[in-house]
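In what follows, a single structure is set out as structure tokens and then discussed.
Every number in this text was worked out from the coordinates using simple rules, so none of it is lab data. Bear in mind the structure is a predicted one, so any value in this text is a computation, not a measurement. No Cβ is skipped: glycine too gets one built from the backbone with ideal geometry, and neighbour counts run over all protein chains shown.
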Amino acid sequence: MNRYRLVHTTQFHYDGPVSESYNEVRLRPTHDERQSCLSFRLASHPDSRVTAFRDSFGNWVHQFNILSEHRQLRIEAESVVLTHEDTSPAPETISLRETDSRREDLYEEYYDHIAPSDYVPHLPDLERFVTEAEKASGGTAAGFAQSASNLIHNRFRYVKGATHVHSSISDSLSIQAGVCQDFAHLLLGIVRMRGLPARYVSGYLVPGPAAAVDAKQEEVIGGQASHAWAEVLIPVMGWRAFDPTLGHPVGLRHIRIAYGRDYGDVAPVRGVYKGQAGQRLSVDVRVRPALDEDGHEQMNKPAANLPPAPALVERPQQPGQQQQQQQ
């Protein structure tokens, strides 16, 4: 089954009354030849009017404001997504040497995906990974990207809480550990330093069968389904996806939400509010097959009134809102 229903619930609890909350979310799944977003619904409590647009990377962005006083904010995004098998013929390979001959053109066309960014600085400590990945690449650009992904998967430990949402790759390098966000950033850093464009992908990993070989690892890594990986632009071949966290190919269980230079471009929820109250953030992500036993789509009723909130789990890997200066 490659048709899934996703419910992503974010809830902010404030210590006291706040007002003038301005919010921006990137939660609508990508719709293209590899994945179809069949339906999408965004609701908030307190209720608000939502506007939508596409950002410079092609991601759907939804914005809404809540001006009145409130003590909590709940945001619920619900989607039905169909992922597609890749039926395209095997792409032609290209050597690293030929890629180097195109470096100037790649840099000009994909500058944002090669240049260092806040989360992915070009660090001297990455050079040894570049050298090792090149030795194991077989001389091809795709082989280099795969080797870099393998190095990260084999050398770094997945440790929840080892880093925080604002960590850069220097933090992961110093402790040889991190989470999926960190490993995606590490891969971006290595391939970009070799001159290949690469982009961050935020999304979900649909849990596999309990009996699968990777089930225990995915239970630890996937958490509540939120996930991140990277795509590398291989000349001639196009964008190719790599998951250094799981260490196996990206497939039908990877659901894409947004692309960016790094996590800073694709944060699921961010916003500001006015008030002196502190906040507590909780997030719940649920994924399940989208069809019931009768073949009917399992979407909730349109939510003028949201259902009771589920038991939410604290998720430090998602930014909260920022306080505005009280005027």
Contour minus end-to-end for residue 105 and residue 49, with contour as 0.36 nm per residue of separation and end-to-end as the Cα-Cα distance? 15.8 nm
Report the calculated FRET efficiency for residue 288 and residue 150 (r = Cβ-Cβ distance, R0 = 22 Å), to the nearest 0.05. 0.10
